[in-house]
Amino acid sequence: MADDRELMARVTEGEESALELIFARWEGRLFAYFHRLGSHPSWVEDLVEETLVTLYRRRGRYDPARPFAPWLYGIARLVWKDHLRHRGRDLYGAASLDEVEVMPTVEPDAIRAAERQEEGELVRRGVQGLPAEQREAFILRHYHGLSYDEIARAIEAPLGTVKWRIHEAVRRLERYVAPHRVRESTE
Amino acid sequence: MNCARVQELLVDLLYEELDAGERTSVTSHLETCQACQLRWSRVRAVAAAADRWSAPPVSRGIAERALVRVAVERHAACASMVSSAAIVGRVLLGGGAALLSLLPVAGVASHQTTVLGAGALAVVWTVLYSAVFLAADHPSIRGLTRTALIGSGIALLVVPAMTIPSVVDACERWVRAAQGSAPMALLLVVVAAGYTAAPLLVGALSVRRESDREWIVDGLKLSALYALLIAPAVALQCVAFPLQITALWMTGALVGAATAGPISLRIGGWLRQATAK
């Protein structure tokens, strides 16, 4: 199967099937990315669509010598920032982690599946309660598998800054998640 | 490796960002240190919990909609491909614009130019105008070329004011003074910058642009287009100047044109945001 760099080379040459392949390959990941960043559900689809179209418009600027994912997430980030500038709001339905910490915890359910769902909800609140820059770096590292170096390229920040943001995000999540887990396990 | 250092590296261990040596040191330490083991288990618990947050399934049809938009853009780009008839049309339009621009400029500098010089200027200007009119056909740069044309039009409208005899006398005295005085020379640069920047600022702020996402890049493109259009006028103004004055005036004009593009787009973006609120 052709990798993203090969597909982008074919996109640049005007091959439509390569564009279809790359759109189909990345729409799911971009959807998850914007969802996790905290976009309002009704805007996620528009953000993904805008990112894909921008990918096409900027195809000539892609350097095949560099990895594709950081370049695309860099575009997604610009689309997200532009969206925030016009909407004037960071997150949908999320509070800062400090506020989240005083929220009542979800009651444990007897059914394991429900517990897992609750834990997912707990983490969602935790991640979306992180400061925007830490949230962005953590999501790219944990959920999208980008290395520190690739994240630094995607968000145009120094490597040390990226590393600090991820460390800090994990530390905050640790402080937030651990008490809930202990509470649930003792109930 | 001590506990503090190991605990600093646990997140990097989790995300496989350690080199082989560091990884060996950290894992060896973890085998013997209960406090670090506890912290390591908490870090892994966070990662395990984070894994339980799954994104909802992707909505169907997003890629298809994006492909449709791309197809529409491709079609529009093909439609705007310039035919030979359109090229002739733009060259004629460019020639007309060049002649129109020559009227005010040649008026002010009639004592400075020969018929041959004016003819050469008309040819150069025709080429520049034609190129900008052709560029205006491309959707991605249409707004910028229109803005540059408006800015250069405003700049040329200001030129006839320089034919007023008292203004001409004042300019000549000023040029003589600038040759031996650093403050006067600096003032000359500032005035030249203002002369080129102000029309572009007015032109750009009068045109509504859809996005200010790339205001620096777009602003520099705008500045470049504008500089091409007013370059002949600025060059003609310098015909009778000594070399030193020409260099000062050209520098000021260039700085004014180069900065006015990005600044005007940035201000335009702020104004739009303010009015949207």
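The values are calculated or read from the model by the stated rules, or taken from the named source; none is laboratory data. What you see is a predicted model; the values in this text were computed from it and never measured. FYI the Cβ positions are ideal-geometry reconstructions off the backbone, even for glycines, and counts take in every protein chain you see. Side chains are part of the model used for accessible areas, which takes the heavy atoms of the whole protein and leaves out ligands, DNA and RNA. Shrake-Rupley method; radii C 1.70, N 1.55, O 1.52, S 1.80 Å.
Taken over region A:151-182, the criterion of being open to solvent by less than 50 Å² (accessible area, probe 1.4 Å), within 11 Å of chain B (Cβ to nearest Cβ) and touching a residue at least 60 places away in the same chain (Cβ under 8 Å) is satisfied by A:151, A:176, A:180. When residue B:136 is tested against the conditions (1) within 29 Å of the chain's Cα centre (by Cα); (2) modelled with pLDDT of 70 or more; (3) open to solvent by 40 Å² or more (accessible area, probe 1.4 Å), the lone failure is (3). Taken over region A:15-58, the residue count meeting the criterion of being at pLDDT below 90 and facing another protein chain (nearest Cβ under 9 Å) is 2. Residue check: residue A:138 meets all listed conditions (1) open to solvent by less than 50 Å² (accessible area, probe 1.4 Å); (2) at pLDDT below 95; (3) within 11 Å of chain B (Cβ to nearest Cβ); (4) out of contact with any Phe, Trp or Tyr (no Cβ under 7 Å at 6 or more places or on another chain) but one, namely (2). For region B:231-264, the set of residues classified as at pLDDT below 85 and aliphatic (A, V, I, L, M) consists of B:231, B:233, B:234, B:235, B:236, B:239, B:240, B:243, B:245, listed by residue number.
If the condition is being open to solvent by less than 80 Å² (accessible area, probe 1.4 Å), of a type in the set (D, E, K, R) and assigned to a helix (DSSP H, G or I), then region B:17-67 contributes B:22, B:39.
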